[in-house]
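Student: Quick one: the structure is below, and I'll ask about it shortly.
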Amino acid sequence: MVSIARSIPSFTSNRPEATHYHVLLNSVTQLRFAYLVKMTFLWCWAIGGLLSLRRSTLLAIVPLLGAVLCAAILPIYIFRRGRMYPRVRPHASLFLEAYHKLISKSMLRGSIIYLFSSSIVTEVYCYQFSDLSYFLPKLEFELARLNEKRLYINSFSFFLAIVYAAIHVITNKDQVSLPRVKTNPMTRLKSSIQPVLLESAKQSAASSLVFVLVYAIVRPRVWHTSVYFARIVKKLYRSSAYGGSFPFTPIHSLALAFTLFFIWNMANRLFLIYVTIGALYRGKGISEKSSDRNSTLISGLKSSKRAFTRRVAFQELNYIAHNNSTRRVTIFQDIAQPSAWQQIMVECLSLLVDLQTKFNLKPDHLKTAAATATTAATTATKGASTTALPVPVSGSPAPAPMKVRKENIFLTPAGNKTSPGRKLIEGLQDHNAEQSAKTIKQIEQIQSTYSQLFDYVQTKYALEFLRTRFGLPFRCTIQRQVAYLLADQDQISEGVSALTELVRYSLTEDTYGTVQRDIPRVLSELDKTITLLDEYLRSPPLHWSDVTNRTKLVKGVNPVGIGGIELDELEIVVDNLTEGFDLIARTFEKYLTNMSLTPEVYKRCGISIRANR
C-alpha cells in the first residue's frame, strides 16, 4: 500500500473543456443508424425482388419495390431514435399502467407511424393480387361496384396498426437494454429470426380471428362510408346494399397480418441490435476518441438529464475497471484539480445516495442539516424564555439593553372614539370561539364517519374483490414499487462494480495513493445502503391493496427463503453491494485497523473477513 505522504505533483489550474461524451456517443449512434438503414434497404430489396418476379424480371432487379418497403420502415426507426430509454418506470398497478400508456402521446404517435407503414405495405400486397382491387370486374354497360373484400383488407390493416401501436407502448419497446457482454450483431440477428417468426405467427393468427368479430360489428359503418366517398369519384349503383357474402378471406388475412407483424417485429429487433451495441466501438471505448479521455468519460457520468448517455458511460467505466489497466492508471494519475478519481467516485457514490433517498435513509449531509436545524430550534426555544442581550464587541462599550414595552401596542388609544364600522366588526367576532369549536367538532365527526365508511367498504368489498383474479390489475404490489424505485438497476450494478474494482486495483496501480483516503467513505456508503435494503427486504411497506403479499408476512416480517415475498431485483442489488464490500474488505484486510472506519463498518468487515477465510 502506498503512503499518501509521497510527493504528488501540484496542479492548481482547472481542467480545460473537453469534448462532451454525448457528442461522441451521438456520432457513433449515427454511424450505427446509417448501417442499420443500409441493411434494411438491402433486406427490402431482396423481399421486393421476390415479390416482383410474378410481374416482371426487370422490376425484380430495379429496387423500386424495395425502396417503397424501406419507406414503410424508416419512420419506425426515426420514431425509435428519438425515444430511447434505458428503463421505463412502471406505474403503481397494472390497470394504471395500461390506462396511462394507452391514453398518451406515445400511443397517438405510434398509431400514426404504424398506420402509415401498414397503408404502404397493404397497397403493395393488394397490388400483387387482382381480386383485391377497389372495384369488382364489370362489363362495359355495367356500373361499378365496390369490392368489399378490399374494404375488409384495408380495415384489417388499420386494425393491425392500432393493435401493434398498443403492443409497442404496453411492452415498452422504447426501452433499450445494453448487452453486458460484447456480441457480434450478425450473431444476435441470426438468433433473433426464429423467435420473431414464431411471435409474428402467433400475433397474426390471433388478430385474424379477433378482427372477424370486430368487422361484423363495424361492417355497416365501413360499407356506407366507403360507398359515400366512392360515389364522389365513380358512378355506382343506386343500391347501397352489401356487395355479397361476408368478405372474410383467411388466406389474405393471415398473409397480410404475418407480413406486417414480421416487418414491424424485425424492424424493432434490428434497431435494438444495431443502435444498442454498447460502449465499445470497433473494440475501443467511445471516450478513446477524445483528446482528454478521462474528462470526456466523466462528462458522460454527469449527464443526469441524458439517461441513455449516462447509462453508456457507466458501462464503459465498468469495462475500463475490469479490463483496461492502462486507463485505470491514467485515472489514478490524473490529479489535476478536481482529480479524475474524485469525480468518478462522487458519481458512483451518488447512485448509492440516490438509493438511500428512495428507500428513506437520509445521507450524511442531510443528517447533518437535520441535526443543525434541531440544534438551532432547541437554542431558539431555550432563549425564548430569557432576555436576549447583544454581544459586546471588543474595544467598544456595550450598548444598553433594548427596552421592551409590556403594553399591548395594538389596543385602541383611550382618547380615540370607536367608529361605527369597527363596532359592527367587533359585534360579529366570536370572542369565546364557541362557533369555531362547533365547526371543528362537526368537521371531525364528518372525517370520522368517512373514515369508518371507507374502512368498512375497504374490508367488506374492496379486499374481497382484490383477492379475485379480476382484482389482479388493481393491486398496487410491492414488486411494482421496487421496480419503480430500481428503474436504474443495471446502472447501479455497473457503477458499484466499477467503483469496487477501481478501489481494488488501486492497491498496486495507484502510484500517488489518492484512492486510499476515500476507502472509509466508500465502505461507509456501501454499509449504510446494504443495511437499509436489508431492512426493506425484512419489512417491506405493503400497500393495503397488496392482498397476496400480505398473507406471506409472519408477524409483520417477511420470512427469508421459500414462502416469503420475492423481490428479486432488490436482492440482486443487495448481492452486488455485498460482493463489492467484501472485495474491498478482503483486498485491504491488513490495513483496515489503521483506517478511521465507523463501528458499523468494522463490524461488517469482520463478518466479511471471517466468512472468506
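The values are calculated or read from the model by the stated rules, or taken from the named source; none is laboratory data. Since this is a predicted model, take the numbers as computed values, not measurements. For neighbour counting, all protein chains shown are included, and Cβ atoms are generated from backbone atoms with ideal geometry for every residue, glycine included. Protein only, heavy atoms only, side chains kept; ligands, DNA and RNA dropped before computing areas. Shrake-Rupley method; radii C 1.70, N 1.55, O 1.52, S 1.80 Å.
Student: For the range 495-583, build the charge dipole from Cβ charges (+1 Lys, Arg; -1 Asp, Glu) around the Cα centre, then report which of 574, 541, 514 sits farthest towards its positive end.
Tutor: Farthest along the dipole direction, towards plus: 541.
Student: Using the beta-carbon distance between residue 572 and residue 214 and R0 = 51 Å, what value does 1/(1 + (r/R0)^6) give for FRET efficiency, to the nearest 0.05? List each step's numbers first, then the result.
Tutor: Details: r = 43 Å, r/R0 = 0.83.
After rounding, the FRET efficiency stands at 0.75.
Student: Additional query: Given labels modelled 7 Å from the Cα in the Cβ direction, how far is it in nm from residue 586 to residue 61?
Tutor: Roughly 6.7 nm, to one decimal.
Student: If you count only protein heavy atoms and use a 1.4 Å probe, how large is the accessible surface of residue 571, to the nearest 10 Å²?
Tutor: Surface accessible to solvent at residue 571 totals approximately 80 Å².
Student: Give the average over all directions of the projected area of the C-alpha convex hull of the range 100-174, one decimal, in nm². Spell out each step's value before the answer.
Tutor: On the way: hull surface 23.9 nm².
Over every viewing direction, the Cα hull of the range 100-174 projects on average to 6.0 nm².
Student: Pop out the Kirkwood hydrodynamic radius of the range 109-218 from its pairwise C-alpha distances, inverse of mean 1/r, in Å to one decimal. Present the calculation step by step, with values, prior to reporting the outcome.
Tutor: On the way: mean 1/r = 0.0589 Å⁻¹.
Taking the inverse mean of 1/r over all distinct Cα pairs, the range 109-218 comes out at 17.0 Å.
Student: Roughly how many debye, to the nearest 20, is the charge dipole of the range 451-551 about its Cα centre, given +1 on each Lys and Arg Cβ, -1 on each Asp and Glu Cβ, and no other charges?
Tutor: On the way: 11 positive and 14 negative charges, 145 e Å.
Roughly 700 debye for the range 451-551.
Student: Under 5 Å between amide hydrogens, which residues at least 5 positions from residue 281 or on another chain qualify, with H placed 1.01 Å from N in the peptide plane?
Tutor: Sorted by chain and number, the residues that satisfy this are 286.
Student: State the percent of C-alpha pairs, over all pairs in the range 50-161, separated by a distance greater than 16 angstrom.
Tutor: 72 percent
Student: Keeping all protein chains in place, calculate the accessible area per residue for the range 451-536 (probe 1.4 angstrom), answer in Å². Display every interim value, and only then the final one.
Tutor: On the way: 3860 Å² over 86 residues.
Each residue of the range 451-536 exposes 45 Å² on average to a 1.4 Å probe.
Student: Report in % the part of the accessible area of the range 189-276 that belongs to carbon and sulfur, leaving out ligands and nucleic acids; probe 1.4 Å.
Tutor: In the range 189-276, the share of accessible area belonging to carbon and sulfur is 69 percent.
Student: Tell me, what HN-Hα J-couplings in whole Hz come from the Karplus equation 6.51 cos²θ - 1.76 cosθ + 1.60 at θ = phi - 60° for each residue of the range 248-255, using x for Gly and Pro?
Tutor: Residue by residue, the range 248-255 yields 6, 10, x, 5, 5, 5, 5, 5 Hz.
Student: Mind checking the full-extension length gain between residue 452 and residue 100? Use 0.36 nm per residue of separation minus the Cα-Cα distance, one decimal, nm.
Tutor: 123.6 nm
Student: Right, something else. Report, in listed order, any pair from 101/302; 173/202; 358/528; 284/305; 528/603 with a Cα-Cα distance greater than 20 Å. Write down the numbers at each step before the final one.
Tutor: Details: 101/302 30 Å; 173/202 18 Å; 358/528 13 Å; 284/305 25 Å; 528/603 12 Å.
Pairs exceeding the cut-off: 101/302; 284/305.
Student: Okay, moving on. Projected onto the charge dipole of the range 248-364 (+1 at Lys/Arg Cβ, -1 at Asp/Glu Cβ, origin at the Cα centre), which of 346, 317, 335 gives the Cα projection farthest towards the positive end?
Tutor: Checked the options; the winner is 317.
Student: Could I ask something else about it? Through the Karplus equation 6.51 cos²θ - 1.76 cosθ + 1.60, θ set to phi - 60°, convert the phi angles of the range 277-285 into ³J(HN,Hα) values in whole Hz; use x for Gly and Pro.
Tutor: Karplus-based 3J(HN,Hα) across the range 277-285 equals 5, x, 7, 9, 10, 6, x, 10, x Hz.
Student: How much length is gained if the chain between residue 474 and residue 233 is pulled fully straight, taking 0.36 nm per residue apart and subtracting their Cα-Cα distance, in nm to one decimal? The partial results should precede the final answer.
Tutor: Working: separation 241, 0.36 × 241 = 86.76 nm, distance 5.09 nm.
My answer for the length gained is 81.7 nm.
Student: Could you do me a favour and compute the accessible area per residue for the range 42-93, 1.4 Å probe, result in Å²?
Tutor: 52 Å²
Student: Which number do you get for Rg(Cα) / (2.2 N^0.38 Å) in the range 166-217? Could you put the intermediate results ahead of the total?
Tutor: Details: Rg = 16.0 Å, N = 52, 2.2 N^0.38 = 9.9 Å.
Rg over 2.2 N^0.38 Å, computed on Cα atoms: 1.62.
Student: Spelling out what I want: for every residue of the range 320-334, take phi, set θ = phi - 60°, compute 6.51 cos²θ - 1.76 cosθ + 1.60 (Karplus), and round to whole Hz; glycine and proline get x.
Tutor: 5, 5, 9, 10, 10, 5, 4, 5, 4, 5, 5, 5, 5, 8, 7
Student: For the range 262-279 and the range 188-211, compute the distance between their C-alpha centroids and round to whole Å.
Tutor: Each part reduced to its Cα centre gives a spacing of 16 Å.
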